[in-house]
1. Listed residues A:VAL129, A:VAL114, A:VAL139; which is aliphatic (A, V, I, L, M) and touching an Asp or Glu at 6+ places or on another chain (Cβ under 6 Å)?
2. So which pairs qualify, if the first residue must be in the stretch A:149-177 and facing chain B (nearest Cβ under 10 Å) and within 17 Å of B:HIS93 (Cβ to Cβ), the second must be among the polar types (S, T, N, Q) and assigned to a strand (DSSP E or B), the Cβ gap must be under 8 Å, and the two must be at least 6 apart or on different chains?
3. Return a yes/no flag: does the stretch A:164-184 have any residue that is within 25 Å of A:VAL225 (Cα to Cα), hydroxyl-bearing (Ser, Thr, Tyr) and touching a strand residue (DSSP E or B) at 6+ places or on another chain (Cβ under 9 Å).
4. Among the candidates A:ALA365, A:ALA345, A:ALA300, A:ALA280, which residue alone is surrounded by fewer than 22 Cβ atoms within 10 Å (Cβ to Cβ), more than 14 Å from chain B (Cβ to nearest Cβ) and small (Gly, Ala, Ser)?
5. Working carefully through the options A:GLY145, A:GLY112, A:GLY125, find the one that is within 14 Å of another protein chain (Cβ to nearest Cβ), closer than 28 Å to B:GLU247 by Cβ and without any contact (Cβ under 8 Å) to a residue 60 or more places away in the chain.
6. Residue check: is B:ASP216 surrounded by fewer than 21 Cβ atoms within 10 Å (Cβ to Cβ), in contact with an Asp or Glu (Cβ under 8 Å, 6 or more places away or on another chain) and within 30 Å of B:GLY52 (Cα to Cα)?
7. Can we say B:LEU64 is more than 14 Å from chain A (Cβ to nearest Cβ) and within 18 Å of B:LEU126 (Cα to Cα)?
8. Restricting to the stretch B:7-39, count the residues that are outside any helix (DSSP H, G or I) and among the β-branched types (Val, Ile, Thr).
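The values are calculated or read from the model by the stated rules, or taken from the named source; none is laboratory data. Computed from a predicted structure; not experimentally measured. Every residue, glycine as well, gets a Cβ built from its backbone with ideal geometry; the counts of neighbours run over all protein chains shown.
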2 protein chains.
Amino acid sequence: MSRTVSVELGERRYGITIAPGLLDQLGRRLVELTGARRAIVITDSNVSELYGSRALAALSEAGLDRLELCFAAGETHKTLATVSKLLDGVLRHSPAIDRKTVIVALGGGVVGDVAGFVAAVALRGLRVVQVPTSLLACVDSSVGGKTGVDHAAGKNLIGAFHQPRAVLIDVDTLRTLPAAELRNGLPECVKHAVIRDASLLDFIRDHAVDLLAGEDGRLTFDAEVMSELISRNVAIKAAVVAGDEHEVGVRSHLNFGHTIGHAVEATIGYDKLRHGEAVALGMIAANDIAVRRDLLSADAAEAVRSVLGALDLPVRIDGLDLPAIRETMLHDKKADAGRLRFILADSLGHVDIYDDVTDAEITTAVKAISC
Amino acid sequence: MSRTVSVELGERRYGITIAPGLLDQLGRRLVELTGARRAIVITDSNVSELYGSRALAALSEAGLDRLELCFAAGETHKTLATVSKLLDGVLRHSPAIDRKTVIVALGGGVVGDVAGFVAAVALRGLRVVQVPTSLLACVDSSVGGKTGVDHAAGKNLIGAFHQPRAVLIDVDTLRTLPAAELRNGLPECVKHAVIRDASLLDFIRDHAVDLLAGEDGRLTFDAEVMSELISRNVAIKAAVVAGDEHEVGVRSHLNFGHTIGHAVEATIGYDKLRHGEAVALGMIAANDIAVRRDLLSADAAEAVRSVLGALDLPVRIDGLDLPAIRETMLHDKKADAGRLRFILADSLGHVDIYDDVTDAEITTAVKAISC
């Protein structure tokens, strides 16, 4: 079964299609969606090895002129230097590319961000189709048009808003993910549940074991369950993005768990803690603040903590450096002219923006996630 | 007297203010326009020496925290490498910049394009105020939101659409331009006349001598005449941009004279021919095609050629390599899936888009501008 979710952005409206086996239909889908005759697949070394030749074969089958550009896998390569090399590949392509050329971002979050940014700035904007192959990319980064790279001064400090023309999610490509990488995407699903849909939390809890099960190095999840999980999540993300494309209002709800989470991630070290783990800790910290304010019931906070625990995600961590975390939070780009904005839940499925969270509350919240 | 022209782009509407002495009011204007408390001036080595300290003093006077970032002057530095270095300066600024920081692009076309692109991608978009100091930048590149840099494969191949929050034009800053550089901006004025307003052609012809007069290395133009010239031109550019921000339709009218002009510039060498000179030749070539098609009267074409001659601009050139020009035109990014689009005039003040111009017509037109 194929599922489709729309991102309603007027002229820039696009669809997210979720189905098993989509990768082998890539060429036909691309032609239908864009009318393109040429495609440039941007991917990383890991994904290229797994799915590069299948993607290229699917493009050739549909009669597309195609090229693959590959960069070394890993967040350390999410830099302007990588973008510069990829642009060399795109712009030196002969015969010269034109504005109808489509970029295909095939891979996880790093690939989507990097390839999306290359598409945003090549000829002042080429069309991009996102083909995410990690759960985090499927439910979060491939939808919404945020693209960009890291800088020595911080993550995602260089980039552009550039909406894709379509998102194509082949759930079968998730089967080759390490379980730890699949787990890395689940906190964003929990986040969506907390900010918009309490029943999604039940769904995640009910299917936690099945989602992460595997044998012989392949995940054995039920394709229908995975498709349902992804479609419910992208529907939430799509609705939030459609309501506030450039993050001047409700889109910041998606930062639930990220204010303290980002700071924890930055101070512990990006190589030592996965983004999803940091967000899990950040959500627990945010709920601690909300419970102490009598905004949120202790039972609701416990329900979130218990699902995260069931997913084998950290709910406490060793070695947090409070002064460093507070310093990092102040430097975070989401600090709006010196004010820190927190997203706090008042019930499961509903959040609001608060800019009056005190140092004392942050201190207590960080203690709540410290061993 | 101060003149103001609006660029009507809905939420992204902005004003262009033209007056003598504006540079010394930069800080106050910036605060009024943006509410900013911090500004980063991006400029080049030439302009920094002439106007850098006055700009910084004006920002300080208004209580703004400010910083200057300077790069080596010249089109050869309009590269992604320069952007990368400037981003280092912006992002390593301490205390960390936030989204309310404003970039001030102080300089000619290269500075406006580079600084505008830095603003477009730093934190996925900072506000930019354009303060153009060359005639070409005043009447053309500072208005309309096209930003970007060159690549080995061609000019302006990397960039973004990023509208400024305001354009502030201090006509007095044009007095330090070499006459040849002022002359470089006048073909774009002639272009605006041909595509939208025949009476502007008369204005340019009537004031040609005065505009270019100078003594002791300073241009002596009448500030009112220069302000009127600039405001009439930006009014035309603003109206075209407001009608088609992303160049899917009428904005391509601004490419009048540029189809052959770009190719002439690229084949002769950017160091040997100024952009304005190439556009002058391109307009004569385009009019040659229009006259031979009986679209345009020979008298109208002669009126354009005669104004360009009066401005001491080339109307013929030695050493044109026809096969190279045709090859370059095919590689031009404006080639839309292999088709070349020409803007041709059918009367002074009115143009249309043609995609049926033949090789034979191009050959004849190139001969018309060859010595």
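1. Details: A:VAL129 fails: touching an Asp or Glu at 6+ places or on another chain (Cβ under 6 Å); A:VAL114 fails: touching an Asp or Glu at 6+ places or on another chain (Cβ under 6 Å).
None of the other options fit; the residue is A:VAL139.
2. As it stands, the answer is none, since no pair meets every condition given.
3. Step one: filter the stretch A:164-184 for residues within 25 Å of A:VAL225 (Cα to Cα), giving A:166-184.
From the residues that got through so far, the ones that are hydroxyl-bearing (Ser, Thr, Tyr) too are A:173, A:176.
Now narrow it down to the ones that are touching a strand residue (DSSP E or B) at 6+ places or on another chain (Cβ under 9 Å): A:173, A:176.
Yes, the stretch A:164-184 contains a residue that is within 25 Å of A:VAL225 (Cα to Cα), hydroxyl-bearing (Ser, Thr, Tyr) and touching a strand residue (DSSP E or B) at 6+ places or on another chain (Cβ under 9 Å).
4. Values: A:ALA365 fails: surrounded by fewer than 22 Cβ atoms within 10 Å (Cβ to Cβ); A:ALA345 fails: surrounded by fewer than 22 Cβ atoms within 10 Å (Cβ to Cβ); A:ALA280 fails: surrounded by fewer than 22 Cβ atoms within 10 Å (Cβ to Cβ).
Being surrounded by fewer than 22 Cβ atoms within 10 Å (Cβ to Cβ), more than 14 Å from chain B (Cβ to nearest Cβ) and small (Gly, Ala, Ser) holds for just one of A:ALA365, A:ALA345, A:ALA300, A:ALA280, which is A:ALA300.
5. Numbers: A:GLY145 fails: without any contact (Cβ under 8 Å) to a residue 60 or more places away in the chain; A:GLY112 fails: within 14 Å of another protein chain (Cβ to nearest Cβ).
Within the list A:GLY145, A:GLY112, A:GLY125, the selection yields A:GLY125.
6. Values: surrounded by fewer than 21 Cβ atoms within 10 Å (Cβ to Cβ): yes; in contact with an Asp or Glu (Cβ under 8 Å, 6 or more places away or on another chain): no; within 30 Å of B:GLY52 (Cα to Cα): yes.
So B:ASP216 fails the test.
7. On the way: more than 14 Å from chain A (Cβ to nearest Cβ): no; within 18 Å of B:LEU126 (Cα to Cα): yes.
So B:LEU64 does not fit the description; no.
8. Of the stretch B:7-39, the ones outside any helix (DSSP H, G or I) are B:7-9, B:13-21, B:35-39.
Then drop every residue that is not among the β-branched types (Val, Ile, Thr), which leaves B:7, B:16-18.
Going through the stretch B:7-39 one residue at a time, the tally reaches 4.
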